[in-house]
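To start, the structure itself, in structure tokens.
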Amino acid sequence: MYHAKHAGRNRFAFFTEKMQATSTRALTLSNALHDALEQNEFSLHYQPQVSLISGKVIGAEALIRWHSKKLGHVSPGEFIPLAEESGQILAIGEWVVRTAVRQIQQWIEAGITPVRIAVNLSSAQFQVGDLPKTTIKILNEYRIPVEYLELELTERIVAKDPEHTVIILESLQELGIRTSIDDFGTGYSSLSYLQRFSVYKLKIDQSFVRNMTTNTNDQVIIGTIILLAQQLGMTTIAEGVETKAQLDMLNNIGCDDIQGYYISRPIPAEAFKKAYLENKQRIIAVDD
């Protein structure tokens, strides 16, 4: 019954062993997820973001990882939806922000100048009215300047309630906290609202980047997003960059920053510090 409902309602579904296995797996994960925070099973990895102008690392995206003591490594694509369904995403989301900010503090205390860290927001976090208050409280608690934190929200979250989005984004802007729209181009948001959103960056979805060197339509879409951002005074970053050819094409059409496996996979904080913070040299050569 639930399988049929999730598939769009007004339809039927036959029971299969695969459905039973999926249901059992979900229940096992959900139970383990309840204790994950208390058991300190979560960690953050950091994927560098590189400027196509300077060729240097100018930021990083913080990505949560879960290594369960009972289940081993669990993919975010598997446990994040369960956390959202159960409501645990609020506590997990706050943990991510707090952990990222605490990591910035540790780098500063070690005499290292950090880069801006971007943290993904869930729909539930964004709908909570005290998001700006909670975020600034955490930053003040660790005495971290607001410019070192960036909050990412997906285009689908933005499109869900544009008026609420405007209010929250304006509140964050007043506090000096930068925000960006992730997965841009996939959420069918209203362009009439985009000019009202207090964001400074549009993140081009990897689904467009993946085939951009062979698909003219993807090239046109990416070029249009970049032009739109420029006209609105925003910057752009392309995610999922995996080849030099993609990098060169993005540079040629005016993209500001990139991230992806061509630069680095998400890595633990200590590895990120040694590779990109202790020696802030140019790591890619961008043709003029």
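The values are calculated or read from the model by the stated rules, or taken from the named source; none is laboratory data. Not measured: the values here are computed from a predicted model. Here Cβ is always computed from backbone atoms with ideal geometry, including for glycine, and neighbour counts include all displayed protein chains. Note: accessible area is taken over every heavy atom of the protein model, side chains too, but ligands, DNA and RNA are not part of it. Shrake-Rupley method; radii C 1.70, N 1.55, O 1.52, S 1.80 Å.
Values for this structure:
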quantity	calculated
Selection count where residues are on the phi < 0 side of the Ramachandran plot and more than 15 Å from the chain's Cα centre (by Cα), scope the range 149-183	18
Unique match (being open to solvent by 70 Å² or more (accessible area, probe 1.4 Å) and either modelled with pLDDT under 95 or more than 21 Å from Pro48 (Cβ to Cβ) (or both)) among Val220, Val286, Val199	Val220
Filtered residues of the range 236-247 (kept if open to solvent by less than 40 Å² (accessible area, probe 1.4 Å) and either over 22 Å from the mean Cα position of the chain (by Cα) or polar (S, T, N, Q) (or both))	Thr236, Gln246
The range 26-61: number of residues that are part of a loop (DSSP other than H, G, I, E, B) and either touching a Ser or Thr at 6+ places or on another chain (Cβ under 6 Å) or open to solvent by less than 10 Å² (accessible area, probe 1.4 Å) (or both)	3
Residue match in the range 110-124 (condition: touching a helix residue (DSSP H, G or I) at 6+ places or on another chain (Cβ under 8 Å), of a type outside the set (S, T, N, Q), surrounded by 14 or more Cβ atoms within 10 Å (Cβ to Cβ) and farther than 27 Å from Arg282 by Cβ)	yes
The one condition in (1) open to solvent by less than 20 Å² (accessible area, probe 1.4 Å); (2) among the hydrophobic types (A, V, I, L, M, F, W, C); (3) modelled with pLDDT of 95 or more that Leu153 fails to fulfil	(3)
